[in-house]
Amino acid sequence: MFQLWNGIPDKLVVSADKAYLITGGLGGLGLKVAEWLVDQGAGCLVLMSRRDPEEATAQVVALASRGTRVVVVRGDVSETVDIANAVERASALGFALAGVVHAAGVLDDGLLHTQNWKRFEQVLAPKIAGTASLERALRREDLHFFAMFSSRTSLYGRAGQSGYAAANGYLDGLAHWRRQQGLAAVAINWCAWTEVGMAARTNIIGSTSSHVTPEQGIEIFADIVGNAAIQVDVGASKPGQQAAATRSAASPKRKGRLRAEIGALAASNRKRQLVHSLTARVHEILGDSSRTEVDAEAALSELGIDSLMALHFSNQISSDWGSRISASVIHQFPTISLLADYLLEQLEHPSQLVAGAAV
């Protein structure tokens with residue numbers, strides 16, 4: 001099942017008596033995922049990387065200081081013996097492996113006529129040989145999730161990244177194969193991340209049509225990792241719309257202002273004004289300067305709000321309303337009218353949240 005990210009999470013429990021393996025664990029994305037797992041109460045993290053552990057000593061110490069056992073294993077994910085060593089290190093501490101995040105990767109871009117097989121091998125190794133070794137070594141493990149960090153490049157291509165596209169295509173295919181075997185797997189076709197990761201290091205962010213900040217990326221990852229999808233395309237914004245959504249982000253001075261404004265109105269006028277304000281936000285996200293009429297009863301997806309834009313929308317409403325409104329709420333209440341009803345219920349009965357809505 002291939003889909004655009006829809007922001008609707010299933011319940012995933014991260015356990016204090018389980019271990020979680022992250023390949024590329026000392027890289028920027030790996031450490032962000034590690035922080036999230038610690039936040040969720042993971043008992044043990046195994047960070048596997050070819051890097052010198054001393055390069056990330058401060059981050060590892062910070063993770064361990066919060067009560068999670070952190071094991072750093074220097075090794076190559078394409079080597080089965082190194083994977084076995086990583087799993088054994090967790091087992092020796094009394095933790096069974098419950099989740100895997102395969103975030104290892106290498107870039108070596110170049111037009112086809114400038115490439116050679118050695119350069120291709122360098123890019124293919126962590127994604128193909130590494131993923132194959134990981135899958136074989138862990139096939140009998142009772143994993144709650146096996147998340148593979150793929151790329152949108154495997155879906156849409158990118159100049160100079162033929163090797164990288166092929167490498168990530170293997171992850172996509174393996175996710176489908178594992179699920180056919182009844183095993184946990186999801187391939188996440190990421191757009192570029194800002195600040196951390198290979199795209200940030202190689203300065204290609206400005207040439208991509210969509211990207212996520214680390215905070216957005218982790219929120220998306222958290223929603224996807226327990227989902228039933230097999231392969232998920234993250235970052236499907238139309239050109240120009242993401243920039244419009246980013247520009248419209250609320251300033252600190254606006255935090256909670258909408259809630260205060262609506263609360264000051266007579267009850268009979270609240271919904272009309274709230275619908276008007278939410279509609280204005282939708283126009284901003286869509287980059288619609290003409291302010292064409294929007295049907296408040298229409299699904300946001302029908303209006304053109306895609307997965308990444310839904311995340312921007314939830315962030316803006318959170319600031320406007322003064323409390324966190326997660327992307328899952330946007331999808332539980334998928335029209336402007338239903339969302340307004342939810343927010344008004346929260347305003348009038350703040351202690352009574354709608355069941356299942358994470359706020």
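None of the figures in this text is laboratory data; all of them are computed from the coordinates on show. Computed from a prediction, not measured in an experiment: that's the story for all the values here. FYI the Cβ positions are ideal-geometry reconstructions off the backbone, even for glycines, and counts take in every protein chain you see.
Once amide H atoms are built 1.01 Å from N in the peptide plane, which residues 5 or more positions from Ser15, or in another chain, come under 5 Å H to H? Here the answer is Gly43, since their amide H atoms fall under 5 Å of that of Ser15. Its Cα gyration tensor gives region 12-118 an equivalent ellipsoid, and the semi-axes of that ellipsoid, as √(5λ) in whole Å with the largest first, are 27, 15, 13. Across the alpha-carbon set of region 2-236, the Rg to Rh ratio works out to 0.94, Rh being the Kirkwood radius. Packing around the peptides 296-303, 84-91, taken as the average count of other Cβ atoms within 10 Å per residue, puts them in this order, highest first: 84-91, 296-303.
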